[in-house]
Amino acid sequence: MDATTVLAEINGNIATVGYGLAAIGPAIGVGIVVGKTIEGVARQPELAGRLQVLMWIGIAFTEALAFIGIATYFIFV
Amino acid sequence: MTDARPESADRTPTSNPVLRRALAWGGVLAAVVLVVSGILGFVFAGTEGLVSALIGTLMAVVFMGITAASILLANRFASSDVFVGVFFGIVLGGWLLKFIVFIVLVVVLRDAPWLNPTVLFLSLVAGVIASLVVDVLVVAKSRIPYVSDVRLPKAPTDD
């Protein structure tokens, strides 16, 4: 079976791949944000309050793209 | 391992007031975005547009607010010995649960005949951006003492 035939067998909406990407990206981003926060709090526990706020704003920005990416399901046919 | 801080110290992190303020201002701005997107949705798509705009804005603001709410909830366990584990369990578990619920809602609502998907998407994007603006403004105006989580022991007194 040649490559063209295999590709022709794939059917469905290509936008589905995008929803997967919209989940992977923010997952990696939040992982880095949280991991670095743990690192920072481990180094300086007295800064936990400040670092929590920075972590929260980092998570907010990262997840915003995830929400918009997944919500494109509403407009992509 | 010995703890340098005195036992009676309140270990609640100093981030609580900032997060509470962000939630409160987020609610205020959500009301404004709800009214504006509702009016625009009604003008462009009738009653369907109005309902879609309200649902889209509510989804955006509620789901963006869950992060701050989960941190506030987790900070209640600040004096626990397993605080770090509980904190990240609640915050990240809440994050995961939030996205599962969001994806299920999106799948369920997409084919609802009483909704206008385009208006819903646009109002959701507007709600997300508005929520980010509030978060940034609150953080930019917040004042968190640099080392306020430390409680110095009392000075020794002569008995």
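Some notes on this structure:
- Across segment B:94-109, the qualifying residues are those that are of a type outside the set (Val, Ile, Thr) and surrounded by 16 or more Cβ atoms within 10 Å (Cβ to Cβ), and the one among them that is farthest from the other protein chains (Cβ to nearest Cβ) is B:94.
- Failed item in (1) facing chain B (nearest Cβ under 10 Å); (2) assigned to a helix (DSSP H, G or I); (3) more than 23 Å from residue B:18 (Cα to Cα), with residue A:76 passing the rest: (2)
- Of all the numbered requirements in (1) crowded, with 20+ Cβ neighbours inside 10 Å; (2) at pLDDT below 85; (3) closer than 23 Å to residue B:140 by Cα, residue A:56 misses one, and that requirement is (2).
- Here residue B:49 meets each of (1) exposed (fewer than 14 other Cβ atoms within 10 Å of the Cβ); (2) over 25 Å from residue A:60 (Cβ atoms) with one exception, condition (1).
- Being more than 7 Å from chain B (Cβ to nearest Cβ), under 17 Å from residue B:87 (Cα atoms) and part of a helix (DSSP H, G or I) is a condition met by no residue of segment A:16-28.
- For segment B:122-133, a residue qualifies if it is facing another protein chain (nearest Cβ under 10 Å), surrounded by fewer than 21 Cβ atoms within 10 Å (Cβ to Cβ) and in contact (Cβ under 8 Å) with a residue 60 or more places away in the chain, and the qualifying residues are B:125, B:132.
- Meets criteria (within 9 Å of chain A (Cβ to nearest Cβ), among the polar types (S, T, N, Q), under 17 Å from residue A:64 (Cβ atoms) and in a helix (DSSP H, G or I)) for residue B:57: no
- Residue among A:25, A:69, A:29 that is closer than 22 Å to residue B:69 by Cα, in contact (Cβ under 8 Å) with a residue 24 or more places away in the chain and surrounded by fewer than 19 Cβ atoms within 10 Å (Cβ to Cβ): A:29
- Selection within segment B:134-157: residues that are modelled with pLDDT of 80 or more and loosely packed, with under 13 Cβ neighbours inside 10 Å. The member of this set that is farthest from the other protein chains (Cβ to nearest Cβ) is B:141.
- Every listed requirement among (1) closer than 30 Å to residue B:119 by Cβ; (2) more than 7 Å from chain B (Cβ to nearest Cβ) is met by residue A:61 save one, (2).
The values are calculated or read from the model by the stated rules, or taken from the named source; none is laboratory data. Given the structure is predicted, the values throughout are model-derived calculations rather than measurements. Quick reminder, even Gly has a Cβ in these numbers, built from the backbone with ideal geometry, and neighbours come from all protein chains shown.
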